[in-house]
1. What list of ³J(HN,Hα) values in whole Hz, one per residue of the stretch 132-149 in order, does the Karplus curve 6.51 cos²θ - 1.76 cosθ + 1.60 (θ = phi - 60°) give from phi, with Gly and Pro shown as x?
2. Residue by residue, what Karplus-based ³J(HN,Hα) values in Hz, rounded to whole numbers, does the stretch 65-80 have, using 6.51, -1.76 and 1.60 with θ = phi - 60° and x for Gly and Pro?
3. What are the residues whose amide H is under 5 Å from the amide H of V165, where those residues sit 5 or more places off or on another chain and H is modelled from the backbone?
4. Once amide H atoms are placed 1.01 Å from N in the peptide plane, what residues at a sequence separation of 5 or more from I83, or on another chain, have their amide H within under 5 Å of its amide H?
5. Within 10 Å of each residue's Cβ, count the other Cβ atoms and sort E103, E89, E79, E157 from fewest upward.
6. Using the Karplus curve 6.51 cos²θ - 1.76 cosθ + 1.60 with θ = phi - 60°, work out ³J(HN,Hα) for each residue of the stretch 101-116 in order, rounded to whole Hz, and write x for Gly and Pro.
7. Would you order Y70, Y58, Y141 from fewest to most other beta-carbon atoms within 10 Å of each residue's own beta-carbon?
8. Name the trypsin sites (Lys or Arg not before Pro) in the stretch 45-78 that are in a loop by DSSP and that have at most 14 other C-beta atoms within 10 Å, would you?
Amino acid sequence: MRNAFLLTAYLLLAACQATPEQSKDWFDGGDMQPASAQTLQLTARVLASKGETTKAGYLINRMLTDFPDYVGTYTEGAEVLLIEGRVNEAIKWIDRGLTRMPEQPVLLNNRGVCHLLAADLDQAASDFAQAYRLDPDDAEYVANLALARALQGQEQEATHLWSRVLDSEQVESNLQIARDSRASFRTAAPSGGRAVAQTTSASVQEAADSGKTRQIDSASGPDPR
C-alpha cells in the first residue's frame, strides 16, 4: 500500500512539474488581462445609470477603438447619448455601426427608436421595416414595425403585425393609443433636437410600452464625430 501511495504521489508530482507554467493572474501579482468588450459595455452601462455619462463616454470611445465590430459598441453608445437627450448624435453613432455592419437588425431597430424619439416617423418606419425583413420572427421587431405603421395610420398592416405577438384585446388597445398619439407626430418637425424629443417622447413611450417594444433609455457621453 505504501509503495502504491508513493508511486501515485510521484506520478502526480511528475505531472505537475511537466505542466507548463501559467502566467500569474492579478491575485498572484501578475499582469491584469485586458478588459473585454462585454466588460467595458457593462461598466459603461452602470456608470450611465448613475448619471456619470462622461466616464461612460470614455469607455464607449475605447470600445470604438478596440472593438469596432462589436454591436454593443454602438447600441451602448447610443443609449449613453440618449440619456442626455442627444438624439441626433445617437443616430449618428449608430450610423457608424451600420457603416461597418449594414445588415445588422439590432442596430437598424435601435436607430428606428431614435428616429421615433426625433419625431421622424417615416425614417423610423423604414428602419423598423429593414430590421423586420432581416429577422421577421423577432417579436420586438414585429411590434416596433406595428407601432410605426399604426402611428402612420396604416392600421390594417399594424393589426396584422401586432396580431402575431399580442391577443386581440391588446391589439385594439394599442391601436387606440396610436390614434391618440398621431397628433404629436403631425405637429413635431422631424428633428433630433432635445425639444422635439421631449414633446413627443411621452406619447411614444406610452404607445411603445403598450406594444411591448424595447426603448433605448433617454440619454450621452461618447464623441459622435
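The numbers here are math on the coordinates, done by the rules we state, and not lab data. Since we're looking at a predicted model, the values are computed, not measured. Please note: Cβ atoms are built from the backbone with ideal geometry, for glycine as well, and neighbour counts cover all protein chains shown.
1. Here the 3J(HN,Hα) series is 5, 4, 6, 8, x, 9, 7, 4, 5, 5, 4, 5, 5, 5, 4, 4, 4, 5 Hz.
2. These are the phi-based 3J(HN,Hα) values: 6, 8, 9, x, 9, 9, 4, x, 4, 8, 5, 6, x, 5, 5, 5 Hz.
3. Placed amide hydrogens put nothing under 5 Å from V165.
4. Amide H neighbours of I83: A219, S220.
5. Details: E103 11, E89 22, E79 29, E157 14.
Least to most surrounded, the residues fall as E103, E157, E89, E79.
6. 10, x, 10, 8, x, 4, 5, 5, 4, 5, 5, x, 4, 4, 5, 5
7. With the fewest neighbours first, Y70, Y58, Y141 line up as Y58, Y70, Y141.
8. Answer by residue number: K50.
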